[in-house]
Amino acid sequence: MRILTGIQPSGTPHIGNYFGAIRTTVDLQSKGESFLFIADYHALTTSPEPAKLRGNIMTLALDYLACGLDTEKTIFFRQSDVPQVCELTWYLNCVTSVGLLERAHSYKDKIAHNFVPNNGLFSYPVLMAADILIYQSNLVPVGKDQKQHLEIARDIAIRFNTLYNENIFTIPEGYIPDAVAVVPGTDGQKMSKSYNNTIPIFGAEKAIRKAVMNIVTDCTPMEEPKDPDKCNVVALYKLLATPAELEQMKENYRAGNYGYGHAKQALFERLWSFFEPMRKRRAELAENLDFVRDLLKRNAEKAAVEAEKTLKKVRLAVGID
Ligand code: ADP
Ligand code: TRP
């Protein structure tokens, strides 16, 4: 079984990204033949500043490698290092109706927010379909927001196979893990870069401590008992602590004489130790950026072999061979 997913390089990762996405990807890599790529072509649809994009690509590579991505198990590469995907996008564009793309929620949503779309944004799902189909992927793990894009990829694959040859593309299945809970941010809403409520995975101790100390709590005095089930600090601690440690914290809340400051300190210590091995690995990798660049390149070469196999069939099918 071939498992493939892409991630947009969008900046500093937070613990919501870790528990909601990174960990799942790392866990899935032993379940099949795994492909993971940095979707830098897709990132261009929102016109990022070039230096920023370059930085975000390396950040993402370092973050995933530090968090346990194993390139013995996963082909990890940069989308743009396999430009064959653009050629396939064109063939797919020519069998995709404008109406199908006009129905994409994420496109409609951007328009509704007065975003002036470029054609790249409009045909974003076709490039995503090419990403998936070029590697003959069976399973595509994605977040809920990408469900429709995956359905579009399936529609395009079925249409192409029907028009030309049933055996060209594997029809991919989406995998949307629903067990992943939403990680709350420091203000209790969903943790998200857009809400400015994140706790970064990597960064200076001071900045992470500050983010933890900023978690919003009520103003019950230190001496009084507190409800652990209504507290953001406990909700975050739950992700990191053992069941016994969590129970101890809950007991402390109910007993009183335990302030939110104490709980935040315990959370910070747990966070700091949980990510310590990853932080160390990341620091080592950051000293060896050429090694990381080279790794991505070598992996892209492996991916390109698979991409070429598919393209050969497609060119022949459409009459451009
Ligand atoms: P952000 O909302 O910070 O911009 P992204 O949209 O880039 O995050 O999310 C990248 C991945 O991380 C997605 O798969 C998403 O489902 C997951 N993710 C982001 N925030 C959370 C969260 N608070 N809880 C669980 N998963 C999350
Ligand atoms: N659109 C996806 C996102 O923003 C990223 C992506 C690009 C992707 N190509 C893909 C995901 C192919 C899965 C398969 O999250």
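The values are calculated or read from the model by the stated rules, or taken from the named source; none is laboratory data. All values reported here derive from a predicted model rather than from experimental measurement. All Cβ positions, even for glycine, are placed from backbone atoms using ideal geometry, and neighbour counts span all protein chains on display. Just so you know, the surface numbers come from the protein's heavy atoms only, side chains and all, with ligands and any DNA or RNA stripped out. Shrake-Rupley method; radii C 1.70, N 1.55, O 1.52, S 1.80 Å.
Observations, loosely collected:
- T25 vs. criteria away from ligand 2 (no atom under 12 Å from the Cβ) and either at pLDDT below 95 or aliphatic (A, V, I, L, M) (or both): no
- If you filter the stretch 24-49 down to residues that are of a type in the set (D, E) and over 16 Å from D63 (Cα atoms), you find that the one that is most open to solvent (accessible area, probe 1.4 Å) is E49.
- For A263, the conditions (1) open to solvent by 40 Å² or more (accessible area, probe 1.4 Å); (2) closer than 24 Å to I208 by Cα all hold with the exception of (1).
- Meets criteria (open to solvent by 10 Å² or more (accessible area, probe 1.4 Å) and away from ligand 1 (no atom under 13 Å from the Cβ)) for R54: yes
- For the stretch 1-106, the helices (runs of 4 or more DSSP H) that sit wholly inside it and include 3 or more residues that are under 20 Å from the mean Cα position of the chain (by Cα) are 23-28, 40-43, 50-66.
- Complete set of residues in the stretch 148-164 that are more than 16 Å from ligand 1 (Cβ to nearest atom) and surrounded by 14 or more Cβ atoms within 10 Å (Cβ to Cβ): E151, I152, A153, R154, D155, I156, A157, R159, F160, N161, Y164
- Residue count for the stretch 191-205, restricted to those that are farther than 12 Å from L236 by Cβ, in contact (Cβ under 8 Å) with a residue 60 or more places away in the chain and either assigned by TED's automatic domain parsing to the domain that holds D27 or more than 16 Å from ligand 2 (Cβ to nearest atom) (or both): 5
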